[in-house]
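Nothing in this text is a laboratory measurement; each read-out follows from the coordinates by a stated rule. Source: prediction; values computed, not measured. For neighbour counting, all protein chains shown are included, and Cβ atoms are generated from backbone atoms with ideal geometry for every residue, glycine included.
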């Protein structure tokens, strides 16, 4: 099973990386982009011995405690079967 | 319209960030994770004047030319309607 975890800066938090990319796109004449936000993205390959409920709990714990800074970031994740 | 762009290291490329996270998880006694890969994730808010085909072409160009290093990374993206 694989878990896909997405971590993004909270809407209320400034995102200087995203702003830098937005400015670069403007200078490079790319049209039609009004805002850019950058986040992180993790793919966790899980032990096949875990059932879905256990995987759900374990990934939520890992995402909350290790992958996310709860002061400025939020996360979401989903599980997918298969290698 | 919003574009969600995911950039990940190619399967054949070492991912030291992912490995560091994997090692940390092991030391912290998290069970059941066999591999971790880290990527980047971008949310682009697009001008509503763009139609879907134009948005598709523009985001593909941006992802390929600006957001991804084609030597070591690959990308995928999808569009979603709404603010």
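Values as computed for the structure displayed
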quantity: Residue match in the stretch B:45-64 (condition: in a strand (DSSP E or B) and either within 12 Å of chain A (Cβ to nearest Cβ) or touching a helix residue (DSSP H, G or I) at 6+ places or on another chain (Cβ under 7 Å) (or both)); calculated: yes
quantity: Subset of the stretch B:65-83 [over 26 Å from residue B:12 (Cα atoms) and away from chain A (no Cβ under 11 Å)]; calculated: B:79, B:80, B:81, B:82
quantity: Count of residues meeting criterion [surrounded by 12 or more Cβ atoms within 10 Å (Cβ to Cβ) and either facing another protein chain (nearest Cβ under 9 Å) or outside any loop (DSSP other than H, G, I, E, B) (or both)] in the stretch B:3-24; calculated: 14
quantity: Counted residues, the stretch B:25-40 - those being out of contact with any helix residue (DSSP H, G or I) (no Cβ under 8 Å at 6 or more places or on another chain) and buried (at least 19 other Cβ atoms within 10 Å of the Cβ); calculated: 1
